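Note sheet for the following structure.
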C-alpha cells in the first residue's frame, strides 16, 4: 500500500510490543498526519483492558511490532478536511472502530459491523495503510492504539465530552466498562426484579453489577475468588457474593434465589463456569458471554427456552452510550471511578502485571498532563 509523502509527520512516544508477553517499551516513533477523515488526538490518559493484556500475551513475535491500547481519552490537536463535527481543542473519549458503510453500521448497530475484526484488530486502516509505517511499527488498534502520546481516530470511534470532566476518569468508558454496562442495559435489557449473577468481578463484571442495580434487578450476585473484589461488589450493587474458591456456586445460587437465575453474565472465559452458567438458568433465562477478539466459548446445547448472547461492546453506539454512562456517573448511580487505579505512562508494565494478578481492577495510565494542551 502506497503512503502519502506530503502528510505531516508527528513525533510521538508509544509503548511498543516487540515480543510475546512483552515487556512493552516506550519508544520514539513517527506518526503520519491525519487523512481527510481522521483526527489527531493528544492522549491524556488511557485505560488498560483485558483485551490489551490478552493481545500482549498471545502476540506472534514474528509479526511486526505493534502499539496496543484502546481506551484513550484526550484533546483534539488536528482534524482532516472531511471531519464535520470535531474541532481542535475538543475533549474526547475514544471507543471501538467501525467501518460506517456496511448495513449494520448504517442501521445503527456499529458493534455488529461486518468489518469489525478488520478495523479493530487489523493494525491498519481500511485502505491497508498504516500511519506508523515510517517506524516499522503497526498501529490503529481499535482505530486508536492509545498506548501513545498521540493517536489518529475518526468521528465513528470518537465521543466529545465536557471540558469540565477529568479525562483520566472518563478514559476507561470506551471499552470494558461500556461492555459490562451495555450487556445489561442494551443486549439483555434486564428488567426490574430479575435475578442476575455475574461470574467474575473485574471491570466488565463490576460495570454489569452497577447497571443491574440501576435497572432494579434483585438479587444481584457477584461471583469471584478475590475477597477484595467481592467486598467492593457489595458496595457497588451486589446483594450477595459467592467466593467460588470456598463455596459451591450452584448450591449457593439455589439458596439465594430459591430456584435458578434469570440472567448470568460469564465474564471470565472459563469453560467450566460457562457450563455452570447454563445449568443454573431459570426457564427462559439467558447467559451473556464475552468472547473478545478470537474467543469462541463452547458449551453443551441449552435447554429449550434458554438463550446465550455473545456480547460485543455491549451493543453500544459510543456517541449515545458513553454520554449516558457519564450522566449516570454524575447522578451518583454509576460510580465506576471506584474501580480505577492510576499509573504513570512509564509504569505500563507494572499496571498490566497488577491487573493480571487481580490487584487492580481497572488500571489507567496518565500519558500527558492536561494543562500542557
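Within the stretch 326-373, track down each residue that is in a helix (DSSP H, G or I) and modelled with pLDDT under 95. Of everything in the stretch 326-373, those that are in a helix (DSSP H, G or I) and modelled with pLDDT under 95 turn out to be 356, 357, 370, 371, 372. Filtered by the rule that a residue be at pLDDT 95 or above, over 28 Å from residue 165 (Cα atoms) and either touching a strand residue (DSSP E or B) at 6+ places or on another chain (Cβ under 6 Å) or surrounded by 18 or more Cβ atoms within 10 Å (Cβ to Cβ) (or both), the stretch 6-25 gives 16, 17, 24, 25. Just so you know, in the stretch 220-258 the residues that are part of a loop (DSSP other than H, G, I, E, B) and out of contact with any strand residue (DSSP E or B) (no Cβ under 7 Å at 6 or more places or on another chain) include one that is surrounded by the most Cβ atoms within 10 Å (Cβ to Cβ), and it is 226.
May I ask you to say which residue of 222, 202, 237 is under 23 Å from the mean Cα position of the chain (by Cα) and closer than 20 Å to residue 310 by Cβ? That would be 202, the only listed residue that is under 23 Å from the mean Cα position of the chain (by Cα) and closer than 20 Å to residue 310 by Cβ.
Restrict the check to the stretch 161-171 and report whether at least one residue is outside any helix (DSSP H, G or I) and either surrounded by 24 or more Cβ atoms within 10 Å (Cβ to Cβ) or outside the structural domain of residue 73 (by TED's automatic domain parsing) (or both). No. Take residue 195 and decide whether it is over 27 Å from residue 94 (Cβ atoms) and touching a helix residue (DSSP H, G or I) at 6+ places or on another chain (Cβ under 7 Å). In short, yes.
The values are calculated or read from the model by the stated rules, or taken from the named source; none is laboratory data. Everything numeric in this text was worked out from a predicted model, so none of it was measured. Using ideal geometry, Cβ is built from the backbone for each residue, glycine included, and neighbour counts are taken over all protein chains shown.
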